[in-house]
Amino acid sequence: MEEMTPPRRDTRLEQLSLTLSHVAGMVDLVALPLWVGTLMRDRGFSAPQAGLIVTAFLVAVSATSLWTSHRLGRLPRGVNAMYGFALGSGAFAAVALSPDRASGLGIMLLLHALAGMGVGCALSITHGRIGRSANPHRLFATVNIALALFGIAFLGGVPPLQRWAGPSALFTVFSLLMALAAAVAARGPTLDAATDGQRKSPTTPLPRTVGCVVAAIVCLAFNQSMVFGFVERIGFARGFESAQVHAALVALGLVNVLPGALAALLQQRCSPVAVGIAGPVVQAILALTLSMSTGFAGYAVATALYVSVVIFSHTFLFGLLTRLDPSGRAVAATPAMMMLGSCTGPALGGLIVQALGFEALGWVACGVAVVAVVLMDTLRRRLAPPAKAAAAAVSSRPAGRPLP
């Protein structure tokens, strides 16, 4: 197997392009509550129809991300995220221009699926390029900080904008954001630098250890979407006031700025495998607190911290994937990993709530967390050198040369 080309340091413009592309591509993590609400309240769709429309977008992102990441080294040279975001911008512009309350379900499904295809392709190229940067862990932490800051501005600014400009303002914002990402990406990094090493051996299978990390990320995303999707409903079911529930969600948006910064600061101090084991455990504890707490203090603290656990853990696991697979194919599938959990979590969560109540969400989250811990512990044992091999390495080490 040929040696990988070492990653080079990115310019400021390239870092800006990757950051903006990440924010535009992950906008669903920020906009989901407003998205579903707009489709129901202002476009006249029922709850199942609104959920299906958003799911069409998420499924398209996931499927296209898998396709793109698998072929990352075989895409034409010079390709970047511009083309995908241009498609997403055009599709959301068509949604914004379609008549309110008159758009058929089929048209909305088609437009959202087209937008998802563009976003999935662009986001996979973006994450593959981040994985080939000089410091993937730090850059991924930085783009997550930018996403959290954007989320605060988005959730604070879009509702008043909708009241002033009409319900289509949400989709206009989506379109403009992706158009801006496409414009910046046109001058940003391309696949030439991102996948040079992968082009030398495009059919090399991924290391087996990659599967453990990928499955653990899917578990984290699944638990996050399954429980977080019902945070508001849980609060009202416990008898909390609307202002209290809203305050907890605002606190969540503010807290989400911190995990990216902490992950960057602790890069050299925390083992990514240890974080991958601890993250699901903390997530399960918070899920139990959320689903069972009858007091507002416990509910508010768990709500504010719940998403940040995924952001912090995922940053370390992203960096770990870049070490296990320097080609960038594994991290390019990050959107597929996240969307796979996002697509299945709310649906299964709804069935669980209907059959067993909100409390059961916490216990199911614990079961999924156990699976994630077992996967990461399996990875830890696979990465640990056998005792005999380690002893042989020590005995054969030249005098005066430090261990790696």
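Check whether at least one residue in region 326-345 is touching a Pro at 6+ places or on another chain (Cβ under 8 Å), buried (at least 20 other Cβ atoms within 10 Å of the Cβ) and within 19 Å of ALA287 (Cα to Cα), and report yes or no. The answer is no; no qualifying residue exists.
When restricted to residues that are modelled with pLDDT of 90 or more and either more than 13 Å from LEU39 (Cα to Cα) or not in a helix (DSSP H, G or I) (or both), region 95-106 contains 0. Candidates LEU348, LEU305, LEU361: the one that is more than 11 Å from the chain's Cα centre (by Cα), buried (at least 24 other Cβ atoms within 10 Å of the Cβ) and not in a loop (DSSP other than H, G, I, E, B) is LEU361. Among the candidates LEU286, LEU321, LEU317, the residue that is in contact with a Phe, Trp or Tyr (Cβ under 7 Å, 6 or more places away or on another chain), among the aliphatic types (A, V, I, L, M), part of a helix (DSSP H, G or I) and buried (at least 20 other Cβ atoms within 10 Å of the Cβ) is uniquely LEU286. Only residues that are more than 12 Å from the chain's Cα centre (by Cα) and either on the phi < 0 side of the Ramachandran plot or in a helix (DSSP H, G or I) (or both) were counted across region 324-339, and they come to 6.
The values are calculated or read from the model by the stated rules, or taken from the named source; none is laboratory data. These numbers come from a predicted model, not from an experiment. With ideal geometry, Cβ positions are generated from the backbone for all residues, glycine too; neighbour counts draw on all protein chains shown.
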